[in-house]
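To start, the structure under review is shown below, and the notes come after it.
The values are calculated or read from the model by the stated rules, or taken from the named source; none is laboratory data. Just so it is clear, the model here is predicted, and its values are computed rather than measured. Cβ: placed from backbone, ideal geometry, glycine included. Neighbour counts: every protein chain shown.
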Amino acid sequence: MSSTDVPPARRVFCNRTLNLGAIGAIGFDMDYTVVQYDPTAWESGAFGHAVAYLHDALGWPVDRLTFDAADVTQGLIFDLETGNILKANRFGYVKRARHGTQWLSLQQMREHYSRTVVHHEDPRFVFLNTLFSLSEATLLGHAVALWDQDRLPDVPSLTALYRHVRAAIDHAHRPDQLKATIAAAPERFVDLDPDTAPALLDLADAGKKLLLITNSDWAYTEQMMRFALDRFLPGTTTWRDLFTLVVVAARKPSFFSGDAPCFEVDTSTGWLRPLDGPLQPGRVYHGGHAALVERALGLASDQLLYLGDHFFGDVHASKSALRWRTALVMRELEDEIEAAVAFAPTEQELVARMADKERLEDALNQARLELLRVRAGRAEGAEDAVGARIDGLRRELAALDALVAPLARASAERGGSVWGPILRTGGDKSYLAYLLERHADIYTSRVSNLLHATPFRFFRSVKGTLPHDAVTRDVEGA
Ligand SMILES: [Mg+2]
């Protein structure tokens with residue numbers, strides 16, 4: 001399949017020019033990157049384990065709560081000061097907010113946020129950026145509703161509430177909790193993709209060293225990788241043959257900047273022994289840090305590409321600490337692009353009606369100014385005639401607004417989530433889109449999309465646009 005035949009939802013998109021041919025090594029995260037899960041199965045499982053923990057260990061009245069995947073989305077933000085869950089635009093302005101299970105009105109949003117700009121380094125805000133965050137966002141909404149009703153008497157503050165929910169989610173992700181359930185029945189949780197193994201084989205055959213760098217432990221990693229890849233590999237080839245280095249329990253994001261000790265995993269017993277000398281190809285390591293990887297490979301930082309789904313854990317950290325090239329894997333992009341393609345005719349209609357609206361508004365403004373000048377005796381004309389024209393324009397605008405409103409609402413809410421598309425807020429880019437543009441060199445919905453891109457692809461960034469570009473284009477075309 002040539003790259004232009006690839007369906008839009010399966011393409012690789014480029015923020016910053018990247019020559020895949022010049023990349024010497026590619027690191028991969030595992031969970032939700034090389035191994036894709038069914039988010040609803042995983043997240044409702046995590047939600048169940050977290051709820052059981054809050055109920056049994058802390059006595060919270062949460063045992064009847066259920067998880068609803070359509071109720072939350074990636075890229076939401078928890079406000080520790082108010083307990084609201086927010087969606088912000090690329091400037092950090094809050095555009096939607098919910099408290100517990102209630103949406104805030106425009107007036108309430110103005111009261112809370114007219115002087116507040118959301119920023120990812122502000123400790124007031126917790127960013128819920130991955131598919132792992134869906135259960136956390138749902139649980140936070142329910143917990144805040146209970147807290148408001150004084151049903152969590154031992155929780156003194158929203159920060160304490162957040163810490164308890166976070167601890168419950170961490171507990172759910174422990175090897176003996178949800179991961180034990182998944183390892184026992186991976187077919188219920190793993191979303192198999194037959195194109196991932198051939199995509200990795202092509203990259204390895206093209207001379208790229210492949211690395212697996214995951215926060216999961218060895219036993220779980222081995223089971224998941226074997227389940228997801230070996231069935232699609234030729235002959236006796238296993239997933240281990242594809243990867244030059246495997247690092248488990250990596251503790252990203254600190255893996256990219258810290259100097260944690262490294263152990264070699266004895267893969268037959270699972271036992272660990274302290275690292276003796278440099279990392280060796282074909283072995284499995286536990287912990288350690290990125291400088292050991294760079295040293296073992298002998299590559300410059302811009303020859304390393306790292307792919308992950310966790311914005312802060314994978315992409316932001318590897319880019320800011322090491323200047324590695326970065327790729328964000330965003331499964332929800334597929335639904336988002338498909339929804340945008342299906343919505344395109346309505347979107348065109350909306351753009352056309354908005355252009356009509358601007359023309360009418362301009363005509364109205366000119367007529368109002370004419371009336372002022374006539375009244376001041378600075379222009380010729382009859383006041384009544386200009387006034388009648390103004391009334392007519394106002395009626396036309398009101399009729400047009402009645403057409404535009406449902407189109408604008410449908411545009412903001414397209415896709416499956418009540419929060420709208422993850423990379424958009426209304427007509428603008430979302431805060432998540434801002435982070436994506438800034439820190440991910442390329443992005444795509446799944447690792448297997450590299451199959452069609454080929455290992456030699458030169459990804460070129462699209463020309464950045466500014467509002468005045470449209471004007472110069474119009475003038476050029478005239
Ligand atoms: Mg991951």
Given the structure, is VAL246 crowded, with 21+ Cβ neighbours inside 10 Å, more than 22 Å from TYR32 (Cβ to Cβ) and in contact with a Leu (Cβ under 8 Å, 6 or more places away or on another chain)? no
Yes/no for GLN74 being surrounded by 15 or more Cβ atoms within 10 Å (Cβ to Cβ), within 25 Å of ASP122 (Cα to Cα) and within 16 Å of the ligand (Cβ to nearest atom): yes
Considering residues of segment 1-21 that are more than 21 Å from the chain's Cα centre (by Cα) and over 22 Å from ALA340 (Cβ atoms) only, the residue farthest from the ligand (Cβ to nearest atom): SER2
Right, VAL418: of a type in the set (Val, Ile, Thr), in contact (Cβ under 8 Å) with a residue 24 or more places away in the chain and touching a Ser or Thr at 6+ places or on another chain (Cβ under 7 Å) or not? no
Residues that are of a type outside the set (Phe, Trp, Tyr), in contact (Cβ under 8 Å) with a residue 40 or more places away in the chain and within 16 Å of the ligand (Cβ to nearest atom): does segment 81-102 have at least one? no
Given the options ALA363, ALA327, ALA388, name the one that is modelled with pLDDT of 95 or more and outside any helix (DSSP H, G or I). ALA327
Conditions (1) modelled with pLDDT of 90 or more; (2) not assigned by TED's automatic domain parsing to the domain that holds ASN365: number failed by PRO467: (1)
Where the second residue is part of a loop (DSSP other than H, G, I, E, B) and the first is on the phi > 0 side of the Ramachandran plot and lies in segment 58-77, which pairs have Cβ atoms under 9 Å and are six or more apart or on separate chains? GLY59/ASP154; GLY75/ASN129; GLY75/TRP419; GLY75/ILE422; GLY75/LEU423
From ARG331, ARG323, which residue is among the basic types (Lys, Arg) and within 16 Å of the ligand (Cβ to nearest atom)? ARG331
Yes/no for ASP176 being in contact (Cβ under 8 Å) with a residue 60 or more places away in the chain and acidic (Asp, Glu): no
Give the residue, chosen from LEU131, LEU104, that is buried (at least 18 other Cβ atoms within 10 Å of the Cβ), touching a Pro at 6+ places or on another chain (Cβ under 6 Å) and of a type in the set (A, V, I, L, M). LEU131
Write out, first by first residue and then by second, each pair whose Cβ atoms fall under 8 Å of each other, whose residues are 6+ apart or on separate chains, and whose first residue, in segment 25-36, is touching a residue at least 12 places away in the same chain (Cβ under 8 Å) while the second is near the ligand (Cβ under 7 Å from one of its atoms) and assigned to a strand (DSSP E or B). PHE28/GLY308; ASP29/GLY308; THR33/GLY308
Just for segment 228-272: of the residues that are at pLDDT 95 or above and among the basic types (Lys, Arg), which one is farthest from ASP195 (Cα to Cα)? ARG240
Just the residues that are aliphatic (A, V, I, L, M) and more than 16 Å from the ligand (Cβ to nearest atom), please, taken from segment 184-208. ALA184, ALA185, LEU192, ALA197, ALA199, LEU200, LEU201, LEU203, ALA204, ALA206
Kindly indicate the residue of segment 22-46 that is modelled with pLDDT of 95 or more and away from the ligand (no atom under 16 Å from the Cβ) and also surrounded by the fewest Cβ atoms within 10 Å (Cβ to Cβ) among those meeting that condition. ALA22
Residue count, segment 156-200 (criterion: at pLDDT 95 or above, in a loop (DSSP other than H, G, I, E, B) and closer than 16 Å to TYR53 by Cβ): 0
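Take the residues in segment 113-140 that are in a helix (DSSP H, G or I) and away from the ligand (no atom under 16 Å from the Cβ), then tell me which one is farthest from VAL418 (Cα to Cα).
Filtering first and then ranking leaves TYR113.
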